[in-house]
Protein chains: 2
Amino acid sequence: MYRTHTCGELRLTHKGEQVTLAGWIQRIRNLGGMTFIDLRDRYGITQLTVNEDSPADVKAIAHTLGREFVIQVAGTVMERSSKNAKMPTGDIEIAISTCRILNAADTPPFTIEDESDGGEDLRARFRYLDLRRNPLQSALKLRHRMAQEVRKYLDSQHFLEIETPFLIKSTPEGARDFVVPSRMNQGEFYALPQSPQTFKQLLMVSGYDRYFQIVRCFRDEDLRADRQPEFTQIDCEMAFVEREDILQTFEELAKYLFKNVLDVEFTDAFPRMSYADAMQYYGSDKPDIRFDMRIAEVTDVVKGKNFAVFDDAEYTGGICVQNCAGYTRKQLDELTEWVKRPQVGAKGLVYIRWTDEGLKSSVDKFYTPDDLTRIAARHGAKQGDLILLLCGEKKKTQEALGTLRIEMGTRLGLRKSGTFAPLWVYDFPLLEWDNETQRFYAMHHPFTSPKPEDLEKFNSNDKNLLAQVNANAYDFVLNGTEIGGGSIRIHDSKVQQRMFEVLGFSPEEANYKFGFIINAFKYGAPPHGGIAFGFDRWCALFGGQETIRDFIAFPKNNAGRDVMLDAPSKIDEAQLKELGLKV
Amino acid sequence: MYRTHTCGELRLTHKGEQVTLAGWIQRIRNLGGMTFIDLRDRYGITQLTVNEDSPADVKAIAHTLGREFVIQVAGTVMERSSKNAKMPTGDIEIAISTCRILNAADTPPFTIEDESDGGEDLRARFRYLDLRRNPLQSALKLRHRMAQEVRKYLDSQHFLEIETPFLIKSTPEGARDFVVPSRMNQGEFYALPQSPQTFKQLLMVSGYDRYFQIVRCFRDEDLRADRQPEFTQIDCEMAFVEREDILQTFEELAKYLFKNVLDVEFTDAFPRMSYADAMQYYGSDKPDIRFDMRIAEVTDVVKGKNFAVFDDAEYTGGICVQNCAGYTRKQLDELTEWVKRPQVGAKGLVYIRWTDEGLKSSVDKFYTPDDLTRIAARHGAKQGDLILLLCGEKKKTQEALGTLRIEMGTRLGLRKSGTFAPLWVYDFPLLEWDNETQRFYAMHHPFTSPKPEDLEKFNSNDKNLLAQVNANAYDFVLNGTEIGGGSIRIHDSKVQQRMFEVLGFSPEEANYKFGFIINAFKYGAPPHGGIAFGFDRWCALFGGQETIRDFIAFPKNNAGRDVMLDAPSKIDEAQLKELGLKV
């Protein structure tokens, strides 16, 4: 061992002890006869001192040291004359008697500090240096803790961690698969799993009863911001359960993680909301309920008053922004421009301010004070508040209001990091109609069961009825981000075959792609259901961050490249030939 | 929840309770007025009874049930009149009052019993049914336990579990990579990792100090028996350590697993053996030391006695098989044929029997009783023993003797399952010369450091000297199987560059393939080393099995196919086109 202690370990109680430390040089300060060296490792920083009484060779070496050199030093633990209360090791320093350079270092291309001077690209290229910085070390330590605690909890609940294969069969439905050419079976390909969905269901058929895995998944999508082609899921499945059992089991997991990772205690049950309510009141299937500001519909109030914009709209609704009646014309104009951005997609913004002088709106010529009072009442507004109204096609307008709500919440500081608002959303539609391909797609995936009370609609061939079928599905939402989703699955092979039929698969096609699971259901499949959590995102949220990239040791960039490795890259002709492929 | 208790839970203390169970029907016995149903789940089997007093609908349903049906029953816990002491639930049975078929089952294609009547291929095709059998459930439960305990121990030792990427850069050196064509960067490929070797070293450069991961690895090899194209490693790395630190840390891990998974206690240090000794005494770099039967060299004794076979051989050596002097001529002929098989490769077998009548050999005309006595003494033989001698080229003959030794150990029942003999083997050669390609290959991998005392040889250009360089590498061997291997790594970029030079890489080639790690070493790389364990195999050994297949939920066959999924398979032309590929 190159050390007796780590750089985060020594305290005043060690005073006088002979110790050996090893680590990286964070900083060197030369103060005339004294040199102070901050030695860093994963565990902390310890101050080393070289002074006029130090051995000559130590003084000589000290002059050759630079930032990020790796050194090994021996010396005596001394009490500091000026202590640093901000550092756990701030009461002591090491008067070093030997110093050995284990590895010299070129000057790093950016500073290894909490706030680095390196741009994103540079830091990505030298990821191994960026990973030395505290924020990234904390992120990966948090992720480690999360992973251990997830396993500890699920193990205690008799879940079995079972590994499923990575080289599987390509069954494109939804996102694109990454494929892996087979050399031994030329012309054929494996696919990398988008999730272990079918395997975990087979494990339920096999009687494993409770399964989990923290597992890498792959999706060859055009990358949007903060998506990765490979990502990690906490993947879970249970047999002989109904929705309530799943929600309770995983609510307990979440509470356990809040408690054991963040020391945040949740005693009450997490709130629950139907998908319909989430859309109606929050304009989103993943409401951030850290703040209220619920959407109120006012279509009936505003129609028939000769304001053509509202008269022609299917839907008018708004949000009440508390204590913002004082917004200036300029601020309101800016907000109007903001909602017109294509990402929000509103045509315009109508506002009502409730100032000392009463309710004033941008559409006063169409609406009486009584009308405005009714609108204000719908919003539960009070004097000092600002009401913002949007109108148009119902679902789009609700979503635009949802986006505006989040924006106002952010602007008003209502979305506090360190505050956590978990939420279950349930009763999603089972199917989504796609106009382009003229077929239904599974909103969740083709193994999600319809709600038992909707089975009749599910068996009808009426598109409108099919569109009304609800799924026995649920999402776990934290602070406006979906971090988990699952469902009670189909376990009846006939219902599963009907599902493939509804999705427009011919029986042959269904059988070619999913024959193994349709067959498996014929040999005694138990009722089962499960959930999968986005582990990268859950870690990021627990770490108080918006982006996942710092919670992944070696992430890809937005073009799906690893710029440190320079991958993907060309391969040898010989290798292509072995695979029977031509580019 | 479909049940109040599992099928492994109820005892006499529950007598009189109303319970609900759910599970699979293992067996139905109709005894006139009584029907006994064994209901199975992951936790056990519980006996259900239907008799003349049972409700009419229960009696009616009972007649329609079959093997592997999934049912839910409610009833009363009763004391059995004839108890079954072999079953944990054998004191009770459930007199059922309701019975609901949750899912009917076709007759399974083979019996779901400890010993199935299904052939290997059939069971592989219906893996989800094979996985219902006890031996497989036990295997996967053991694997789960192993995974949890590995993490528990390493977490307690401050190792951080850090996930490394699966879509990396292809750097063929050693085994073939599986590659993944990139759609967004047409004509370029990712590779699937053969191990996270370079990433874990970068994490040491990044200061993570102690890393581990239980991680899938991929090798596109022509599959030998009991190899899988995807397999799982316990991958570990530590900074600021020497060999001794690694051996101690992971010996403690192994002892912890023996204790906590198998309840086997090891108090003494594990034995250690140099590679040279392992070859000399066991003819193998992974000796099974559950039994002794060490190889003794007798070249000097047998030469110059006019027996041309021995005279011409570089090496003659043997093993002493205790208490087998009574082997018949037929048995010895069979052994002779056995050693001539190409897998062993010996030209013939010479034996010496020490019977009541003294030492008798198959080469008595060349050797005096004195010669034979000297040979017997070398082997520590005593009356009643049988000595088996092979000769030829030294290394090959040692290996053949090693194979014969294992065979004799097996035949004599000396390789007892449930007995564990761990061993460290160290000081492997660094390089292996390949005559075909006329170059050196790294015996372990190109990041393994030469032993410090061999650095001078390492820097010479004399092939013979280079061949003598020892690696600072070590293997962990259990019962004759290598389950772990590692080394102290190179952390000096100049030594690393020299290594690539010795392996015949041009500087450009080395830089193209491994530039990132050569560069990383320039920015302050700490001394570091690690080890990786074959997790599938370790689980199999702990489970007392020779093959890993039952310890993997969904394994591939020897042709690399998943016969359940029928993967690999053809993919759509459209998909190929998107990837810019032609078959």
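Before we move on, is A:Pro165 of a type outside the set (Val, Ile, Thr), more than 9 Å from chain B (Cβ to nearest Cβ), without any contact (Cβ under 8 Å) to a residue 40 or more places away in the chain and under 25 Å from B:Pro568 (Cα atoms)?
No, not satisfied.
Can you name the number of the only condition in (1) within 30 Å of A:His144 (Cβ to Cβ); (2) out of contact with any Phe, Trp or Tyr (no Cβ under 7 Å at 6 or more places or on another chain); (3) more than 10 Å from chain B (Cβ to nearest Cβ) that A:Glu508 fails?
Condition (1) is where A:Glu508 drops out.
Does B:His158 count as at pLDDT 95 or above and on the phi > 0 side of the Ramachandran plot?
yes
Within the range A:255-274, can one find any residue that is farther than 19 Å from A:Asp475 by Cβ, away from chain B (no Cβ under 14 Å) and touching a Lys or Arg at 6+ places or on another chain (Cβ under 8 Å)?
Yes, the range A:255-274 contains at least one residue that is farther than 19 Å from A:Asp475 by Cβ, away from chain B (no Cβ under 14 Å) and touching a Lys or Arg at 6+ places or on another chain (Cβ under 8 Å).
Return yes when B:Lys152 is modelled with pLDDT of 95 or more, surrounded by fewer than 21 Cβ atoms within 10 Å (Cβ to Cβ) and facing another protein chain (nearest Cβ under 7 Å) and no when it is not.
The answer is no for B:Lys152.
Looking at the range B:3-59, which of its residues are in contact with a helix residue (DSSP H, G or I) (Cβ under 9 Å, 6 or more places away or on another chain) and touching a residue at least 60 places away in the same chain (Cβ under 8 Å)?
Hit for the range B:3-59 is B:Arg42, nothing else.
Looking for something in contact with a strand residue (DSSP E or B) (Cβ under 6 Å, 6 or more places away or on another chain), at pLDDT 95 or above and among the aromatic types (Phe, Trp, Tyr) - is there at least one such residue anywhere in the range B:293-308?
no
Which residue, of B:Ala376, B:Ala400, is more than 34 Å from the chain's Cα centre (by Cα), in a helix (DSSP H, G or I) and under 26 Å from B:Thr328 (Cβ atoms)?
Numbers: B:Ala400 fails: more than 34 Å from the chain's Cα centre (by Cα).
Selected residue: B:Ala376, the only one of B:Ala376, B:Ala400 that is more than 34 Å from the chain's Cα centre (by Cα), in a helix (DSSP H, G or I) and under 26 Å from B:Thr328 (Cβ atoms).
Filter the range A:116-130 for residues that are more than 16 Å from A:Ala105 (Cα to Cα), among the aliphatic types (A, V, I, L, M) and either free of Cβ contacts under 8 Å to residues at least 60 places away in the same chain or within 8 Å of another protein chain (Cβ to nearest Cβ) (or both) and give the result.
A:Leu122
What's the number of the only condition in (1) modelled with pLDDT under 95; (2) out of contact with any strand residue (DSSP E or B) (no Cβ under 6 Å at 6 or more places or on another chain) that A:Leu335 fails to meet?
All conditions pass for A:Leu335, except number (1).
Determine, yes or no, whether A:Met499 is outside the structural domain of A:Leu142 (by TED's automatic domain parsing), farther than 30 Å from B:Val583 by Cβ and touching a residue at least 24 places away in the same chain (Cβ under 8 Å).
Against the criterion (outside the structural domain of A:Leu142 (by TED's automatic domain parsing), farther than 30 Å from B:Val583 by Cβ and touching a residue at least 24 places away in the same chain (Cβ under 8 Å)), A:Met499 does not qualify.
Read through the list (1) surrounded by fewer than 20 Cβ atoms within 10 Å (Cβ to Cβ); (2) assigned by TED's automatic domain parsing to the domain that holds A:Leu431; (3) not hydroxyl-bearing (Ser, Thr, Tyr), then give the number of the only condition that A:Ala254 fails.
(1) is the only condition that A:Ala254 fails.
Please note which strands (runs of 3 or more DSSP E) are completely contained in the range A:28-142 and include at least 2 residues that are touching a strand residue (DSSP E or B) at 6+ places or on another chain (Cβ under 6 Å), more than 30 Å from A:Leu541 (Cβ to Cβ) and of a type in the set (D, E, K, R).
Because the criterion is at least 2 residues that are touching a strand residue (DSSP E or B) at 6+ places or on another chain (Cβ under 6 Å), more than 30 Å from A:Leu541 (Cβ to Cβ) and of a type in the set (D, E, K, R), the strands (runs of 3 or more DSSP E) in the range A:28-142 that meet it are A:92-103.
Hey, can you tell me all the residues within the range B:413-439 that are of a type outside the set (D, E, K, R) and in a strand (DSSP E or B)?
First pass over the range B:413-439, keeping only residues of a type outside the set (D, E, K, R): B:413-414, B:417-426, B:428-431, B:433, B:435, B:437-438.
Those that are of a type outside the set (D, E, K, R) and in a strand (DSSP E or B): B:Pro422, B:Leu423, B:Trp424, B:Val425, B:Tyr426, B:Pro429, B:Leu431, B:Trp433.
Scan the range A:539-554 and give yes if some residue there is among the acidic types (Asp, Glu), under 23 Å from A:Arg151 (Cα atoms) and away from chain B (no Cβ under 12 Å), otherwise no.
yes
Output yes when any residue across the range A:474-487 is more than 22 Å from A:Ile234 (Cβ to Cβ), surrounded by fewer than 22 Cβ atoms within 10 Å (Cβ to Cβ) and in contact (Cβ under 8 Å) with a residue 12 or more places away in the chain, and no when none is.
Checked the range A:474-487: no residue is more than 22 Å from A:Ile234 (Cβ to Cβ), surrounded by fewer than 22 Cβ atoms within 10 Å (Cβ to Cβ) and in contact (Cβ under 8 Å) with a residue 12 or more places away in the chain.
Return the only residue of B:Pro181, B:Pro88 being at pLDDT 95 or above and closer than 30 Å to B:Leu12 by Cβ. Steps first, please.
Values: B:Pro181 fails: closer than 30 Å to B:Leu12 by Cβ.
Of B:Pro181, B:Pro88, the one residue that is at pLDDT 95 or above and closer than 30 Å to B:Leu12 by Cβ is B:Pro88.
With B:Asp220, B:Asp235, B:Asp245, B:Asp177 as the choices, which residue is crowded, with 20+ Cβ neighbours inside 10 Å, of a type in the set (Asp, Glu) and at the interface with another protein chain (Cβ under 7 Å from one of its Cβ atoms)?
Unique residue meeting the criteria: B:Asp220.
Would you mind stating whether B:Gly187 is surrounded by fewer than 22 Cβ atoms within 10 Å (Cβ to Cβ), facing chain A (nearest Cβ under 8 Å) and at pLDDT below 95?
Details: surrounded by fewer than 22 Cβ atoms within 10 Å (Cβ to Cβ): yes; facing chain A (nearest Cβ under 8 Å): yes; at pLDDT below 95: yes.
Criteria met by B:Gly187.
With (1) within 14 Å of another protein chain (Cβ to nearest Cβ); (2) among the charged types (D, E, K, R); (3) closer than 30 Å to A:Ala124 by Cβ as the list, and B:Asp562 as the residue in question, which single condition is left unmet?
(3)
Every residue, every condition in (1) within 14 Å of chain A (Cβ to nearest Cβ); (2) surrounded by fewer than 17 Cβ atoms within 10 Å (Cβ to Cβ); (3) under 19 Å from B:Asp91 (Cβ atoms); (4) modelled with pLDDT of 95 or more, yes or no:
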residue: B:Glu9; (1), (2), (3), (4): yes, no, yes, yes
residue: B:Thr13; (1), (2), (3), (4): no, yes, yes, yes
residue: B:Leu21; (1), (2), (3), (4): yes, no, yes, yes
residue: B:Gly32; (1), (2), (3), (4): no, yes, no, no
residue: B:Thr35; (1), (2), (3), (4): no, no, no, yes
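The values are calculated or read from the model by the stated rules, or taken from the named source; none is laboratory data. As the structure is a computational prediction, the values presented were derived from the model and not from experiment. Using ideal geometry, Cβ is built from the backbone for each residue, glycine included, and neighbour counts are taken over all protein chains shown.
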